[in-house]
Amino acid sequence: MAGYEDGRPLLPHEQHSQASSVRLETGVYQAHEDMVDSAETEDRRLLSVGDREEGQVFAQTASQTRKTGWFFAAFFATSAIAALALAGLLLSLNPLKSDTESQANEHSTPPKLSRPSDRYVLDPNWDFHAPSQVREYEWTITDTEGSPDGVQKPMMLINNQFPGPLIEINEGDVLSVKLQNKASNATALHWHGIFQNGTNWMDGAAGVTQCPIAPGQSYQYKFNVTNQSGTWVQALDGLVGPMVVHTRREAGKPYSSDRVILLQDWWYDPASGHMWDVLSPGVEDAPVPNAALMNGVNQAVCSDHPNRKCTEVKATSLPRIDVAHGESHRLRFVNVGGFAWFQVAVDEHADLQIVEVDGNIVEPILVSPVLISPGQRYSAILRADHDEGAFWLRARMVTSCFAEQKLPENGIEETKAIISYTSGLHTRHGDHDDASTKDEHDENDDEEDLVLPQTTSDLPFLSVCRDLSSTASFQPSPQQHAPEIADHSWYLRVNLAIGDWRLQRGVLNSSSFRPNLAHPTLHRVLDGLTQHNESFAIQGVNTVAFDPESELVISNNKVETVDIILQNMDENSHPFHLHGTKMWVLAAGHGYFPGYEALGFLPEGKGLLNPANQTIVKNPLKRDTITVEGFGWVLLRFIADNPGVWLFHCHVIWHSEAGMGMQFVSRIDELRGLQIPEEARRLCDAPEEELWKGAPPKDEVFFGFENSRERRRLHEGDTKGLNSDTQDAEEYDDEWARYRIEASGSVAAIA
């Protein structure tokens with residue numbers, strides 16, 4: 001079927017012929033005449049909404065647009081079960097295989113992963129002025145084996161590509177992605193950075209806005225992308241890919257080439273096994289990654305991995321960026337990893353010029369190195385100021401933030417691309433055009449003509465994981481002041497706490513989030529409001545409709561300005577991401593939050609102490625992912641004007657899965673009467689065991705055991721005489737190991 005194998009948009013004649021013939025296996029989308037009519041009506045509605053919003057936004061900003069103020073588009077990454085991933089959300093982390101199948105594949109040659117044909121170089125002939133349209137993609141998610149850096153591991157892929165297909169669209173378009181889940185586990189797509197205004201059920205947050213897509217089922221994501229940018233989502237075992245949203249103003253771009261560069265940490269063992277370990281009793285440290293990848297590639301030394309299947313990766317597989325002297329090139333860096341901060345620089349070149357932060361245009365500022373936390377995006381301009389030669393573009397993980405700075409199995413902390421000087425612009429899209437003929441690890445690659453850089457690195461050792469904005473002053477362009485007055489201020493204490501059964505969990509104000517995969521929050525809120533259950537209309541912290549121990553929910557009835565004070569009581573830094581909007585970063589620091597007055601505000605942010613001094617609200621940085629450093633604090637402000645249920649969570653996958661998240665319910669006044677499409681509700685009809693396939697273990701599996709006297713005494717609060725060296729403790733350890741194997745089935749084999 002057109003567009004099915006390569007992930008490209010369907011052409012108009014293909015869309016028309018397909019509309020009357022598509023019949024997916026689950027029956028969720030059957031090609032009946034009435035569904036075709038309703039789909040066409042929905043397309044027109046979404047496009048008309050986009051046209052109206054685009055006209056309004058352009059009218060407001062056109063007069064303020066500066067010479068350097070082109071619109072910087074966004075990215076997205078797809079991830080198992082919503083990718084945001086809180087406890088129970090990270091489904092699809094590992095394809096579950098039977099023992100027989102695993103044995104059969106033990107000595108087989110791993111299948112070659114298909115590399116994206118464009119290598120993430122954006123189309124040089126893109127029509128920025130094309131009329132708004134529906135751009136359709138068809139994706140199939142499958143289980144497979146892959147070896148991005150040479151070491152083989154189970155993966156989940158989109159259309160058998162790693163990284164996944166590039167989506168390139170214009171602002172005002174409607175994006176339609178028909179997803180078919182042929183993998184072993186349930187899954188969903190979260191569109192990180194997309195506001196989903198009017199389509200909250202398309203946010204892809206499993207247990208929050210939708211039920212997961214069970215194995216064998218299909219679902220169609222369709223939404224308008226007007227005035228939305230800055231998108232990606234973390235993934236650990238293969239589901240990741242970029243999306244770029246263009247605007248008409250981008251037609252006058254002041255750079256010669258434009259490409260996406262995905263950075264990610266990489267584990268050789270499947271994430272499901274690591275997740276089981278992280279959530280187990282007595283475990284306090286997240287697993288250290290084995291390697292770093294750039295656009296899905298690195299070069300492992302196979303002799304370092306004698307107990308793993310490994311194939312050497314040739315240097316021709318490394319990303320390559322051809323440049324010419326005097327030109328400028330835009331590099332869109334995206335940290336799509338689950339744990340590591342990355343620092344990025346180009347050998348022997350001047351500092352990179354940052355022009356965009358999380359989809360927000362900023363005044364150009366020179367920075368080196370560029371520091372990127374999980375979930376963040378930066379666009380940088382590389383000035384080709386050499387006459388000739390080859391240079392390394394380096395991205396190095398900040399290992400000081402790991403429990404162990406030495407990576408396991410002689411791991412690779414740095415990933416690289418080749419910056420190669422050419423004679424002119426005519427070669428700058430060579431990798432865009434001919435890469436389609438090359439698969440990963442292609443044995444026919446000719447390395448004779450490849451000149452590898454001989455340059456050395458000046459990247460410093462960083463002892464702390466912070467945001468780049470802690471050392472660089474970013475000025476959004478055009479300017480946008482933050483509101484002077486907050487309607488509400490919420491203090492959120494962040495930490496990793498050890499509770500019952502020695503389980504360490506992520507906590508916000510004593511709440512550790514546990515999503516309900518079979519009954520998402522959005523469904524419960526809308527159903528409750530429809531049934532006039534006013535417990536769902538409670539403003540502020542709602543402890544009536546929700547159990548705050550597992551669901552911290554803060555609601556507002558109308559458009560309001562909200563402050564968040566994040567106080568980190570943990571030694572780890574935590575990058576927090578808010579769905580559905582962006583946040584102004586008003587202030588941040590180390591130690592305890594000093595109070596509003598120390599920052600120039602009235603108590604609870606109810607205005608300025610000195611209205612004449614507006615420094616703190618004058619054009620602060622606005623973004624959707626912000627780091628609160630270890631034992632530090634940050635003051636955030638956002639406008640709660642987007643109707644829906646929006647997740648706020650740590651973007652370190654191990655912390656979010658352990659419960660470090662909460663939810664904001666915005667615009668209850670607009671949610672009354674809102675209806676979730678039947679196709680979205682139908683996902684919840686799958687058996688609950690199907691919805692939970694691939695999810696991390698529930699806390700209950702780690703609770704006490706029938707034959708463990710010490711465990712029972714701990715549960716009853718009796719610690720007198722307890723000794724970890726006693727025979728009872730040893731019996732408990734043995735019993736726990738046996739129970740883990742029994743409870744986890746095939747997962748235990750790789751845990």
(Q) For the condition of a type in the set (Ser, Thr, Tyr), out of contact with any strand residue (DSSP E or B) (no Cβ under 6 Å at 6 or more places or on another chain) and touching a residue at least 40 places away in the same chain (Cβ under 8 Å), what is the one hit in Thr530, Thr521? (A) Thr530
Q: Just one of (1) in a loop (DSSP other than H, G, I, E, B); (2) under 20 Å from Val244 (Cβ atoms) trips up Tyr221, so point out which.
A: (1)
**Q.** region 596-610, residues that are in contact with a Phe, Trp or Tyr (Cβ under 8 Å, 6 or more places away or on another chain) and either in contact (Cβ under 8 Å) with a residue 40 or more places away in the chain or among the hydrophobic types (A, V, I, L, M, F, W, C) (or both)
**A.** Leu602, Glu604, Gly605, Gly607, Leu608, Leu609
Q) For region 263-340, list the strands (runs of 3 or more DSSP E) that sit wholly inside it and hold at least 3 residues that are touching a strand residue (DSSP E or B) at 6+ places or on another chain (Cβ under 8 Å), at pLDDT 95 or above and surrounded by 22 or more Cβ atoms within 10 Å (Cβ to Cβ); which are they? A) 291-294, 328-335
Q: Tell me, please, whether a residue that is among the β-branched types (Val, Ile, Thr) and surrounded by 22 or more Cβ atoms within 10 Å (Cβ to Cβ) can be found in region 524-538.
A: yes
Q.
I need a count of the residues in region 637-666 that are under 16 Å from the mean Cα position of the chain (by Cα) and part of a strand (DSSP E or B).
A. 6
Q: Being of a type in the set (S, T, N, Q), closer than 24 Å to Pro603 by Cα and not in a loop (DSSP other than H, G, I, E, B) is the filter here, so list the residues in region 475-508 that pass it.
A: Ser489
Q. In region 542-577, how many residues are under 22 Å from the mean Cα position of the chain (by Cα) and within 20 Å of His590 (Cβ to Cβ)?
A. 8
(Q) For Ile167, only one of the following conditions fails: (1) modelled with pLDDT under 95; (2) within 25 Å of Ile554 (Cβ to Cβ). What is its number? (A) (2)
Q. Only one residue in Ala518, Ala545, Ala537 is in contact with a Ser or Thr (Cβ under 7 Å, 6 or more places away or on another chain), aliphatic (A, V, I, L, M) and more than 16 Å from Phe648 (Cβ to Cβ), so which one is that?
A. Ala545
(Q) Condition first: closer than 16 Å to Trp266 by Cα and either β-branched (Val, Ile, Thr) or part of a loop (DSSP other than H, G, I, E, B) (or both). Now tell me which residues in region 387-402 satisfy that. (A) Val398, Thr399, Phe402
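The values are calculated or read from the model by the stated rules, or taken from the named source; none is laboratory data. Quantities reported herein were computed from a predicted structural model and do not represent experimental measurements. Quick reminder, even Gly has a Cβ in these numbers, built from the backbone with ideal geometry, and neighbours come from all protein chains shown.
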